[in-house]
1. Counting heavy atoms of the protein chains only and a 1.4 Å probe, report the per residue accessible area for chain B as a whole number of Å².
2. Semi-axes of the equivalent ellipsoid of the protein assembly as shown: what are they in whole Å, largest first, if each equals the square root of 5 times a C-alpha gyration tensor eigenvalue?
3. Let me know the Kirkwood hydrodynamic radius for the stretch A:102-214, please, with Cα pairs as the basis and the value in Å to one decimal.
4. Using the charge dipole of the protein assembly as shown (Lys, Arg: +1 at Cβ; Asp, Glu: -1 at Cβ; taken about the Cα centre), state which of A:G346, B:A319, B:P152 has its Cα farthest towards the positive end.
5. What is the magnitude of the charge dipole of the stretch B:234-321 about its Cα centre, with +1 placed on the Cβ of each Lys and Arg, -1 on the Cβ of each Asp and Glu, and no other charges, expressed in debye to the nearest 20?
6. Check each residue of the stretch A:29-45 and keep those whose accessible area, probe 1.4 Å, is at least 20 Å² smaller with all protein chains in place than in the chain alone; give them in order of residue number.
7. Over 32 Å apart: what share of the alpha carbon pairs of chain B falls there, rounded to a whole percent?
8. So how do B:Y216, B:Y346, B:Y13 rank on accessible area, 1.4 Å probe, biggest first, that is with the largest at the start?
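The values are calculated or read from the model by the stated rules, or taken from the named source; none is laboratory data. Here the structure is a predicted model, which means the values were calculated and not measured. Positions of Cβ are generated from backbone atoms using ideal geometry, with glycine treated the same way; all protein chains shown enter the neighbour counts. Keep in mind that these areas ignore ligands, DNA and RNA; they rest on the heavy atoms of the full protein, side chains included. Shrake-Rupley method; radii C 1.70, N 1.55, O 1.52, S 1.80 Å.
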Amino acid sequence: MHYLDANATEPLRPTARAAMLAALEVTGNPSSVHGAGRAARRVVESARVTLAAQFGGRPEDLVFTSGATEANALAIHALGAGDGPRRRRVILGATEHDSVRAAAPDAAVLQVDRQGVADLEALAELLSDALANDPGPALVCLILANNETGTLQPITEAAKLCRHRGAWLHVDAVQAAGRIPVDLAALGAHSLALSSHKLGGPMGAGALLLAPEVSAITALIRGGGQERGRRGGTPPVPAIAGFAAAAAFGLPRLTEPRDAETQHDAATSCDAEIAHNAATIRDADSLPDAATLRDAIERIAVNAGALVCGGAAPRLANTTCLALPGVRADAQVIALDLDGIAVSAGAACSSGKVTSSHVLAAMGLGALAGEAIRVSLPWNATAADVDAFAAAYPRMAARLRAALAPRAA
Amino acid sequence: MNRVPPRPNRPVYLDNQATTRCDPRVLAVMLPWFSEQYGNPHSVEHVMGTAAETAAEEARAHVAALIGAEPREVVFTSGATESNNIAIKGAARHALRSGSDRRRIITVATEHKCVMESVADLKADGFEPMFLPVRPDGLLDPETLRDALAVPTLLVSIMTVNNETGVVQDIPALAAIAKAAGALFHTDAAQGVGKVPIDVTAWKVDLLSLSSHKIYGPKGVGALFVRRRPRVRLVPLFSGGGQERGLRSGTLPAPLVIGLGEACRLAQAEMADEAKRIADLRTRLLDRLHTELPEVRVNATMTARIPGNLNLTFPTVTAAELMARTPDLCVSTGSACSSAEVEPSYVLTALGLPPDEAARTLRIGIGRFTSAADVDFAAAALAAAHAGRPMHAVTQA
C-alpha cells in the first residue's frame, strides 16, 4: 500500500514513537505530588516548553487538548466568549475546517478567490461592518494551510488588519505545523490550533497556543483545574510526549526573538518566507523533496486529464487536489485503493459522506467540487510512491472515463 | 523491626485511583496501530483507514460488553472528565432546546470536581444545581434523594465509586428512584468500571462515564455510555467532522481506543480474581499497619467499598509530613487533581471530618501490579514515618 493521505493522518515519526514509549513507562498522574506524579508532570511540562518554543509562544500560554477539533472549539468558545456579555462577532474563512465551522454556525463568511486565497479587501470590509453593526469587536478564524488543497492564507496581512480593527485572529495551523515554519508571534495572530497526529505524532493530543494578552481563557471542558483551569481532565501524557518529539523534528525556528520595533518588518515578509521555506523543509529529513514528488504527481495526473485545484496559490509542498472532470471523486478513490494507493476525496472526517467539498465549492469550482481527490504526501514519501501513482492514476482515469462515455453519448 | 522488608528498587506505587500503569498486554495490542497500521479510522475510502476503523469498532464492543451496553451506545471521548462534561451539559442543553421545564439538577457533595463544576456551571443557563449531603459512612441516603426529587428534576448525577474513599453507591436503587421521578440518571463510573460489576441495562442508568487510565489502559481516552432505548438526547460540547454520531467530533485516536478496548476485555476476564487478590492485599496492609499503629482509622464504610481503596486518618502526623518522610512510597492526600491544594478535601469534609483530621488522612490505592512485598513495605514505611523514625531505619532493617 502506498500511503498518500498524510493530511488525514501522518505516519508516526520514529522520534515521536520513542518519546511516547518512554512516557508510557511513566505511571504517575501529572497532578499527583509524589515522585511518580512529578515524573509524569516533567514529561508534560518539558513537552509544553518544546512546543511553545517551536510555535512562537510562551509555555504558560499553551493549553493541551485532546486534538485540534477541541482546540478550535476551545478557541472559538473562549475568544468568541460564547453567548456571554463579552461575545464577539465571528468571521470565518470560506474554506475553514468543519470543526471551526461547527463552532460558529452563524458566523459571517469571508470569501476566497478561485485559488482558495482569502480576499483581504473583503476582510477589511467585514471588519468595518462588524464595527458598524455591532459595538463589540470581531473574532476572525483563518486556516493557515487548507487541508484539502494545501493553499496558504496571507495570515500576517490578515493579522495586521485584525489588530488595526481591534479584532482577534484565531489560526487553524493543523496542516501547516510540521510542514512549514509556524510562529504565533511572527504571524501576529492571537491563537493557533495544533494537532499531534497531523505532524507525525500520535493521535489523541493537540494544543491551543495563545498570545499572552488573551491567554487567560475560560474552559470548555471543566474539571480538576488542570492546564491552569483552562482544560479539565488528566492530560494524555504519552501522546503529549510524542507530540512534542514530532514537532521538534527537523524544523528550524522561523524567527529569532526580536524586539517590537523590528517585528513589523519581519511580519510583512513572513508570508513570502513561509511560501519559500515550504519547499526546503524536507531537506532536513534527507528524503526526497516533497514539492518535487508532488510536481511529478501533478504532471502525471494532468497528462491523464486532471486539473489541479488551487495550484497557482502558495501551497504546502506535500498537498495536491486533483479534479477529474465528469468522474465522481469516491469512484476515483475506490479505484486507486484497489490499485494499492491510499488517497481521499477531501477531508477524512467526511469520508463516506456523498456531499461535495465545501472548500472547492467556495473556490467556485462548481461540479468539480465533487470530482476532486486529495493526494497528500507523508513525511516518509519516496519516489516509489510516485512510480506507483504513475501506473495507477492513468489506468483509473482511462477506465472511469470510458465508463462515462456511453452515458455522455 | 525485623519484619521490615528491604528497600524496593523503585518507588512503591499505591496511588492506583489517581492513575494506573498501562498494562504491558494493553501496550502490546496498541503498538502496531501507532507505526504499522497508522490510518485515520475515518478514512473509510482506503484499506488503511478501514483497518483502523474495524479495530476501533472491536474495541467499542469490548467496552460495551464490560458495562452491559450495546456497542453503538458507546461514545469515545478524551477521558472521563470530558464524558462527564458532555453528559451533564449535553443533557441540560438539550432540555433547554426541547422546551423541557425541568430545571433541577441533583448531584452529591462527594462527586469528582468535574461533575461538581459542570453542574454548578449550569446555574448560568437557568438551572437549579443541588448538592446532596452523604452519611458519615460516605453513602447517600436514598430518602435524601427522594426528598430532593419532590421538585421536577431534569438530571441526577451520582458517581458509582468515590475517588477518595472507594465507597460504592447503590446505583441500581438510586437510579430507580430518579427514574420513577422522571429524571435522567448519569453515573461517573471512572473509579468503578473494571473494579465492580456494572450492568447499565440492569441498573437502568441513562448515561455512564468511564476512563481508560484508571483501568490499566492509556491516558487520553475514555467513553460515555448513552442509552438508545429509550433514547437519551444530548447536545454535543463541540462539533466538527461529526464523528461518534455527531456527539463527539475529532479524529478517533485509534491506538488509544484500541488500548481502552483491550483494557476493558482484560478487566472483564480478570475482575473477579483480581478483586479477591487485591482485597487480600488490603487486609494484609491494614492488619500490619494496625499492629504498629492501632489508632489508625479507616474512613467511610468497609462493606460497600472497592477492594483496592483505603482512606486512613493517622493519629498525630499530617499526611503531607508522612508523604515527605516516605519518598519511596507513592500515596496521596486525596484526588490527584487537587493534590497541590492546601484546603482540606471536600470529600472528607462531607463525611464530617474536621479539618485537622482531614489533614492527617491518606488515600491508598492498591492495584493490579501491587505485590505483597509492596504492601509490607508500605505498612512498615508509614509506621516508621509516623513514629518519626527516619527511612534508613526501615530500609536497613
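1. On the way: 13910 Å² over 397 residues.
So chain B comes to 35 Å² accessible per residue, rounded to a whole number.
2. 48, 28, 26
3. The Cα-based Kirkwood calculation yields 14.7 Å.
4. B:P152
5. 240
6. Residues passing the criterion (a loss of at least 20 Å², heavy atoms only) are A:N29, A:S31, A:S32, A:V33, A:H34, A:A36.
7. Values: 28944 of 78606 pairs.
I get 37 percent for the Cα pairs in chain B exceeding 32 Å.
8. B:Y346, B:Y13, B:Y216
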